[in-house]
Number of protein chains: 4
Amino acid sequence: MNSIAVVNYAPEKGSVELRDIPTPEIGSEDVLLEMANVGVCGSDLHQWTADHSWPVNYPVVLGHEFGGRIVALGDRVTGWKEGDRVVSETAAVIDPNNPMSRQGLYNLDPTRKGFGYGVNGAMTKYVRVPARCLHSVPDAVPFEHACLTEPCCVAFNAVVENASIKPGDRVLVIGPGTIGILCAAMAKLYGGDVAIVGLEADRSRLKVAETYGVTSIVGDATDWAMERDGLGADCIIDAAGVSATLKMALNLVRPAGHISKVGWGKDPLQFSLDPLVQKNVTLQGSFSHNWPIWERVIALMENGQLDVSPIIGGVWDLENWEEAFNKMHHGEVVKSVLKS
Amino acid sequence: MNSIAVVNYAPEKGSVELRDIPTPEIGSEDVLLEMANVGVCGSDLHQWTADHSWPVNYPVVLGHEFGGRIVALGDRVTGWKEGDRVVSETAAVIDPNNPMSRQGLYNLDPTRKGFGYGVNGAMTKYVRVPARCLHSVPDAVPFEHACLTEPCCVAFNAVVENASIKPGDRVLVIGPGTIGILCAAMAKLYGGDVAIVGLEADRSRLKVAETYGVTSIVGDATDWAMERDGLGADCIIDAAGVSATLKMALNLVRPAGHISKVGWGKDPLQFSLDPLVQKNVTLQGSFSHNWPIWERVIALMENGQLDVSPIIGGVWDLENWEEAFNKMHHGEVVKSVLKS
Amino acid sequence: MNSIAVVNYAPEKGSVELRDIPTPEIGSEDVLLEMANVGVCGSDLHQWTADHSWPVNYPVVLGHEFGGRIVALGDRVTGWKEGDRVVSETAAVIDPNNPMSRQGLYNLDPTRKGFGYGVNGAMTKYVRVPARCLHSVPDAVPFEHACLTEPCCVAFNAVVENASIKPGDRVLVIGPGTIGILCAAMAKLYGGDVAIVGLEADRSRLKVAETYGVTSIVGDATDWAMERDGLGADCIIDAAGVSATLKMALNLVRPAGHISKVGWGKDPLQFSLDPLVQKNVTLQGSFSHNWPIWERVIALMENGQLDVSPIIGGVWDLENWEEAFNKMHHGEVVKSVLKS
Amino acid sequence: MNSIAVVNYAPEKGSVELRDIPTPEIGSEDVLLEMANVGVCGSDLHQWTADHSWPVNYPVVLGHEFGGRIVALGDRVTGWKEGDRVVSETAAVIDPNNPMSRQGLYNLDPTRKGFGYGVNGAMTKYVRVPARCLHSVPDAVPFEHACLTEPCCVAFNAVVENASIKPGDRVLVIGPGTIGILCAAMAKLYGGDVAIVGLEADRSRLKVAETYGVTSIVGDATDWAMERDGLGADCIIDAAGVSATLKMALNLVRPAGHISKVGWGKDPLQFSLDPLVQKNVTLQGSFSHNWPIWERVIALMENGQLDVSPIIGGVWDLENWEEAFNKMHHGEVVKSVLKS
């Protein structure tokens, strides 16, 4: 049986199209998942526009933010059954014997490969998923929300696991994309006194951020960062990643303060890190997420502490993937979601 | 009464000479300290060769690594008496009401000024020292050693307070100057499995490092860093500070590993920090030291855990300051010490 | 000039009465504060009912939760002026040279003495306060609220500094007195999924707790603690302190979980701590507070994150101290406040 | 094929004898290990003398501190081959889907069962071991040492993972049994200034402790704990576990200090924990160990940082198990080791 899929078939710009693909065969420790919803990630857009910086195993089905129901199980899978509502982590392939994996940090296993670039992703009807990737989705959480567990986990890791916020800390998030807005929401939830800063072009996305009760700033965040005692912000989340935003972060963070860097930027830094030394600052990289983070984010959705609906700009059929991609690419929506 | 002093009198290269200066007047919360020994710091050399990057209040007596005896006390000083053997911290001027100071982190008070550049230092007979800067030196610790408490505190802060080493951690120190060697010694003392890496020109200083029981490496430390499991070193101390050494640190640190940056480098970084994100690495700036660190380092000297004698390349009279400076400047000795 | 004061004049039960006392003389580093509001603490009640366990310097003016305006300053006080609105910390007497004080932890200086038992407190018109105890109160925060900074700081220390809560952590607070309710409010603010448990007699105080958005439980909290995954609560705050509540905490905390003990209990524990070992649990004592905690709690009141009005059961003149004490003693109100 | 085994066959005191048992059958994820050496643990003695407090699955082969060579592998085992030199962790049975296991903390999975009481242990020729329990032993480490990896891991967890020692910290270990001595050795290795305290009857075991460069104390450790500044020890490791030793720990720990409790004691505490609150102390339970701890301890043995030979009091054939047990039971040796 064949199903349509959004396939990235070549490294050239624009090499994405709908194709018919066969239902995947599953191994003894896998399940077959019938996709309900899949979020469009910035990295899907980057592979489409061919400005990504990671190796892609062409042709590959896009999509790694997804949830659905289990429709078949490998013979060694325990703890799951047909019909279970689940979301899947993104680390489709890992080495279980790698020292990072043995400590529960398989997200930092250098051999890790993810859905949507390393193996076939979820922008299709049926996805093969290793059972170790699964998390149960309570009935109270609709798949349109649950499929966004993944970017919420990125934010949780950047703001909670890789920072240390205390109630009332002044937290400045740089960059109001999906990750930046979710970082701001998470920092707010964590007790922070939070602002998010962007450019003129980000005004509509900053409006979305404001629904999480955070202050939005266009342009220069210096006044906000220095407002309390003139020393700077307690914590800065760099969700943009370019040289200029890290420089801003170093300028605006207080002595003994903390910067979480979750945004990427392949260009060289154009400044010295001497302020990091002089102010005794922590600069913490944050990458991906692991099992306990997934469980926790789902719990936050279930108990109502975390609501992702403000960032969802629309839900499209797989057939209309290109409109969904375009809306997000042009900043008209923060996040596009597809359905099967 | 006048005494000779090693004075840095102007911003031009080589503007250091012996001058006669009057005995300082002390305030009600100061003591007058009769200097016994004073270490020569790289920053003294930098002011001499005029390649420093901080504001200097010319003319100024050099020297901020010092110990001696109290010979007079201001009327509000409690807890000290004439004849007490002491060393002095370096933060000669701070704002006690600054939020950093109120938390015991006066070393990070942006208004802080130190001996030897902001106010007169210790390369002379009598020094005015605020009583809050003093620490008692046990009889068992000679002044020639005690005067080096300051660089040991820099190392303690970089390796202990601003890192988190576990017994058996692979720790790589980059840069075998005074601070680098003391960082290696401290990491060894902390249970690390330690190596220090330098250049061909550093061979004699690497020999000194070896006396602390650490491995020395000339050139490429990759094999050593990858030896245990191929993932990299648990902790890297960048005591060099230039762009190339931080790049080396990012390459050689393991996922979820730690880099302490105690070395300075005013040139822009010439690479992207994406590996910091991808490997979820902590990059921690480390600056100066504070009261509990001083007490602890003195305790380590007293109980014999820390021996600074291997790094002392000689002791010179103040009159022979230039030879002491030259020996250290040319790398013939790790550390020069002066006596009054 | 004399003013009335609520004075605890002897160790016998009920030895509290209104007395006329002279305006205190201040030292060179003190201010004279004109009290605006003072909260009644459980420890004031304990001294009144003579079931306290600490030494009291009879006769002594009660009251250590207070704010007001500066009306006179010692000649060495800097940074403050007449008319400033302030609250005062409680550590009236400390040894500034004690190692704990030198690290900013003067609250743990064993020689510390507090207002209301060691030196005269604030249930009167004028109070002598060392300038180092002062914190500025923004105009937006009324004194009736600001005077409760102290118990909020106790809660902040117990929940934030002496625990480590992540968003969504299940946090169970035992004991709905002032400190318990404020701990629950703080844990909620910190992102916790919070419940507070009490007895039948606590129902009205549990109602007050609910205004902070936390779940209230009468009796057995086991179901709530085990609800998520059967392993127990992430964090338990024991604000009651007796043997039975710590046993409950050990039973309900999850493996590798955390218990903060802020409540006191002078009776011996009647059980073994083997579950602490077997579950690898942290039991953390929490005592008092220090400078950065006070600044932070005031910031939380100013920016609206923390509202103490729900716990205030009434405001009485000093003359009516006995009614204020009685209402609180009988659990009719959570917190009584006096005014001058 | 049958082999002899030291079997604990009933709950009555003394119910241990040599029996012939068949070679175990292994499952698809197990290996068959040919035992080289097995350490005698206090818990083996407790089952022998029937004063243990855990459920035992009679009859059961004793012994959970062991190493040997792989002689057969299940069909799904990867990464191992016949002849590999290995040691085995103790958690023979765990639920891999338990939330603790999913985070790498399977040692805290409440369903965990260990070798020697839950399933057959290693005091025999062949042992069935799940492959996930295995760790490679370098040729440089003899099995007589490697078999003691387990108690070293208990000490590492108590001193390193569940405490936080800085170089020069005054660390007091209470109780000079195997675990206490290894805790002292580990604290020394971690940079501590270490003492171990015991009773008159412990003098010979204290002598063994001294070989690790730590101070030994008979009776009252107060002077040692207060020696530096009168406030107490930075860290106390309670490896005895009874009520009296925890009381000693609370008395001798400094404000804001740390107590690791690794010793068990089934009797109720006979004192109040108010000093824990007043001194803001951390009391941390420490149980067992997990994968990264095992890897680390083996690395410490390999690089020479940790030498277990001082604690080994003799090596006996399985046939002479009773002498080995008796020597250790009567305190004539710290640790007995058996060989196959």
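The values are calculated or read from the model by the stated rules, or taken from the named source; none is laboratory data. Keep in mind the model is a prediction, meaning the values are calculated, not measured. Quick reminder, even Gly has a Cβ in these numbers, built from the backbone with ideal geometry, and neighbours come from all protein chains shown. Areas reflect the complete protein model, heavy atoms only, side chains present, ligands, DNA and RNA absent. Shrake-Rupley method; radii C 1.70, N 1.55, O 1.52, S 1.80 Å.
Among (1) of a type in the set (Gly, Ala, Ser); (2) crowded, with 21+ Cβ neighbours inside 10 Å; (3) on the phi > 0 side of the Ramachandran plot, where does C:GLY121 come up short?
Here C:GLY121 meets the rest and fails (3).
Being within 23 Å of B:GLY39 (Cα to Cα), aliphatic (A, V, I, L, M) and crowded, with 19+ Cβ neighbours inside 10 Å is the filter here, so list the residues in segment B:68-83 that pass it.
B:ILE70
Name the single residue, out of those in segment A:52-62 being under 17 Å from A:ILE179 (Cβ atoms) and out of contact with any His (no Cβ under 7 Å at 6 or more places or on another chain), that is most open to solvent (accessible area, probe 1.4 Å).
Filtering segment A:52-62 for residues that are under 17 Å from A:ILE179 (Cβ atoms) and out of contact with any His (no Cβ under 7 Å at 6 or more places or on another chain), the one most open to solvent (accessible area, probe 1.4 Å) comes out as A:SER53.
Could you list, in sequence order, the residues of segment B:307-340 that are touching a His at 6+ places or on another chain (Cβ under 9 Å) and assigned to a loop (DSSP other than H, G, I, E, B)?
Within segment B:307-340, B:ASP307, B:VAL308 meet the criteria.
Can you give me the number of residues within segment C:220-257 that are on the phi > 0 side of the Ramachandran plot and either modelled with pLDDT of 95 or more or not assigned by TED's automatic domain parsing to the domain that holds C:GLY175 (or both)?
First, the residues of segment C:220-257 that are on the phi > 0 side of the Ramachandran plot: C:230, C:232, C:241, C:256.
Right, trim to either modelled with pLDDT of 95 or more or not assigned by TED's automatic domain parsing to the domain that holds C:GLY175 (or both) and you get C:230, C:232, C:256.
Summing the residues that are on the phi > 0 side of the Ramachandran plot and either modelled with pLDDT of 95 or more or not assigned by TED's automatic domain parsing to the domain that holds C:GLY175 (or both) in segment C:220-257 gives 3.
May I ask you to verify whether A:LEU134 is within 14 Å of chain B (Cβ to nearest Cβ) and closer than 30 Å to D:ARG76 by Cα?
No, not satisfied.
State all residues of segment D:164-179 that are touching a residue at least 60 places away in the same chain (Cβ under 8 Å), within 14 Å of chain B (Cβ to nearest Cβ) and open to solvent by less than 10 Å² (accessible area, probe 1.4 Å); if no residue qualifies, say none.
The answer is D:ILE165, D:VAL171.
Residue under question is D:GLU65, and the condition is that it be crowded, with 23+ Cβ neighbours inside 10 Å and in contact with a Ser or Thr (Cβ under 8 Å, 6 or more places away or on another chain); does it hold?
So D:GLU65 fits the description; yes.
May I ask you to list the residues in segment D:1-33 that are within 10 Å of D:ARG128 (Cα to Cα) and open to solvent by less than 60 Å² (accessible area, probe 1.4 Å)?
Selection gives D:THR23, D:PRO24, D:ILE26, D:GLY27, D:ASP30, D:VAL31, D:LEU32, D:LEU33.
So how many residues does segment B:232-264 have that are in contact with a helix residue (DSSP H, G or I) (Cβ under 6 Å, 6 or more places away or on another chain) and open to solvent by less than 40 Å² (accessible area, probe 1.4 Å)?
Going through segment B:232-264 one residue at a time, the tally reaches 13.
Six or more apart or on different chains, Cβ atoms under 7 Å: show the pairs whose first residue is in segment C:18-43 and of a type in the set (S, T, N, Q) and whose second is open to solvent by 50 Å² or more (accessible area, probe 1.4 Å) and outside any loop (DSSP other than H, G, I, E, B).
C:ASN37/C:GLU144; C:ASN37/C:LYS339
May I ask you to list the residues in segment C:241-266 that are more than 8 Å from every other protein chain (Cβ to nearest Cβ), β-branched (Val, Ile, Thr) and touching a residue at least 60 places away in the same chain (Cβ under 8 Å)?
Scanning segment C:241-266 gives a single hit, C:THR245.
Suppose we filter segment A:95-110 for residues that are in a helix (DSSP H, G or I) and under 20 Å from D:SER136 (Cα atoms); how many remain?
4
Could you check how many residues of segment C:267-322 are within 14 Å of chain D (Cβ to nearest Cβ) and of a type outside the set (Lys, Arg)?
Number of matching residues: 24.
Considering segment B:188-231 alone, what residues qualify as being crowded, with 20+ Cβ neighbours inside 10 Å, of a type in the set (Asp, Glu) and more than 13 Å from chain D (Cβ to nearest Cβ)?
Matches in segment B:188-231: B:ASP202 only.
Yes or no, residue by residue, for (1) in the same structural domain as C:THR90 (by TED's automatic domain parsing); (2) in a helix (DSSP H, G or I):
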{"residue": "C:ARG128", "(1), (2)": "yes, no"}
{"residue": "C:ARG132", "(1), (2)": "yes, yes"}
{"residue": "C:HIS135", "(1), (2)": "yes, no"}
{"residue": "C:VAL159", "(1), (2)": "no, yes"}
{"residue": "C:ALA163", "(1), (2)": "no, no"}
{"residue": "C:GLY168", "(1), (2)": "no, no"}
{"residue": "C:VAL173", "(1), (2)": "no, no"}
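I'd like the full set of residues that are without any contact (Cβ under 8 Å) to a residue 60 or more places away in the chain, touching a Pro at 6+ places or on another chain (Cβ under 6 Å) and closer than 15 Å to B:THR245 by Cβ, limited to segment B:180-205. It would help to see each step written out before you state the result.
Step one: of segment B:180-205, the residues without any contact (Cβ under 8 Å) to a residue 60 or more places away in the chain are B:184, B:187-188, B:190-200, B:203.
If we keep only those that are touching a Pro at 6+ places or on another chain (Cβ under 6 Å) as well, we get B:190-191, B:196, B:198.
Listed by number, the residues that qualify are B:ILE196, B:GLY198.
Restricting to segment D:141-163, give me the number of residues that are away from chain B (no Cβ under 14 Å) and open to solvent by 10 Å² or more (accessible area, probe 1.4 Å).
6
Name the pairs: first residue in segment A:94-113 and of a type in the set (Lys, Arg), second residue modelled with pLDDT of 95 or more and surrounded by fewer than 17 Cβ atoms within 10 Å (Cβ to Cβ), Cβ to Cβ under 6 Å, at least 6 apart or on different chains?
A:LYS113/A:VAL93
Quick grid of which residues meet (1) within 14 Å of chain B (Cβ to nearest Cβ); (2) of a type in the set (S, T, N, Q); (3) crowded, with 24+ Cβ neighbours inside 10 Å:
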residue: A:LEU45; (1), (2), (3): no, no, no
residue: A:ALA50; (1), (2), (3): no, no, no
residue: A:ARG85; (1), (2), (3): no, no, no
residue: A:GLU89; (1), (2), (3): no, no, yes
residue: A:VAL93; (1), (2), (3): no, no, no
residue: A:ASN98; (1), (2), (3): yes, yes, no
residue: A:GLY114; (1), (2), (3): yes, no, no
